[in-house]
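One structure below.
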Amino acid sequence: MECVFGLVGNGFAIVAADTSAVHSILLHKNDEDKIMNLDSHKLIAASGEPGDRVQFTEYVQKNVSLYQFRNGIPLTTAAAANFTRGELATALRKNPYSVNILMAGYDKEAGASLYYIDYIATLHKVDKGAFGYGSYFSLSTMDRHYRSDMSVEEAIELVDKCILEIRSRLVIAPPNFVIKIVDKDGARDYAWRRSVNPNANSADV
């Protein structure tokens, strides 16, 4: 029931993900951040088995940091995506990871970009992408409304439309979402969209 999606606008990329930690029919928490900062100008949003998702994204993050430490320059977004794809392909024939990834980044020369990497090590550079059951609704919504020259405000409006569609049409829809952006000023949190307050106790509801 995970929902991860993203898009590239005019000089920026945005990724959004649900924040539900689920096992079987149980919801353990609804403030799980599934979007990790790889470095100052890269984001990695992942869905899949919780253990694989956390372990693999941390592994990629540490190796991206190690490359910069050793060489004095950061990996480009394309290079980081190809490294991630290579590690998934190697693991696929040994002990595969059940994890799907959207990697967003901003490079001075190439600008903003978004890469789609699935659990069988398929890699594509895309303008918009999604994983999980929420992709059935977010992809169709983005197909209808997406433009490559969108401003940040227009892109956030589109993300909110996708979240609204997921909440209203998916039978077991996640209540909360986190939205992050990366542009020339770096990668950062943009907003949370909450329909359930994780800090509220049962007596307050």
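The table below lists the values:
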{"quantity": "Extension gain from Gln68 to Ser24, taking 0.36 nm per residue of separation minus the Cα-Cα distance", "calculated": "11.9 nm"}
{"quantity": "Length added when fully stretched, Asp33-His145, from 0.36 nm per residue minus Cα-Cα", "calculated": "37.7 nm"}
{"quantity": "In Å², nearest 10: area of Ser20 left accessible to a 1.4 Å probe", "calculated": "10 Å²"}
{"quantity": "Charge dipole magnitude, Cβ of K and R +1, D and E -1 - the chain, Cα centre, debye nearest 20", "calculated": "400 debye"}
{"quantity": "Label-zone membership for the stretch 43-83, site Ser98, 7 angstrom Cα→C-beta point, backbone N under 12 Å", "calculated": "48-53"}
{"quantity": "The chain: Rg to Rh, with Rh as the Kirkwood radius over Cα pairs", "calculated": "0.96"}
{"quantity": "Pair Asp127, Asp189: separation of 7 Å Cα→Cβ label points (nm)", "calculated": "3.2 nm"}
{"quantity": "P(r), alpha carbons of the stretch 32-104 - 10 Å bins starting at zero, rounded %", "calculated": "20, 56, 23, 2"}
{"quantity": "Under 23 Å between alpha carbons - lysine pairs in the stretch 3-194 that sit 8 or more apart or on different chains", "calculated": "29"}
{"quantity": "Two-site label geometry, Tyr136 and Thr90: point separation in nm, points 7 Å out along Cα→Cβ", "calculated": "3.7 nm"}
{"quantity": "Potential lengthening between Asn10 and Leu170 on full extension [0.36 nm per residue; Cα-Cα distance subtracted]", "calculated": "54.6 nm"}
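The values are calculated or read from the model by the stated rules, or taken from the named source; none is laboratory data. Predicted, not measured: the structure shown is a model, and the values here were computed from it. Because the Cβ atoms are built from the backbone with ideal geometry, glycine has one as well, and the counts that use them run over all protein chains shown. Keep in mind that these areas ignore ligands, DNA and RNA; they rest on the heavy atoms of the full protein, side chains included. Shrake-Rupley method; radii C 1.70, N 1.55, O 1.52, S 1.80 Å.
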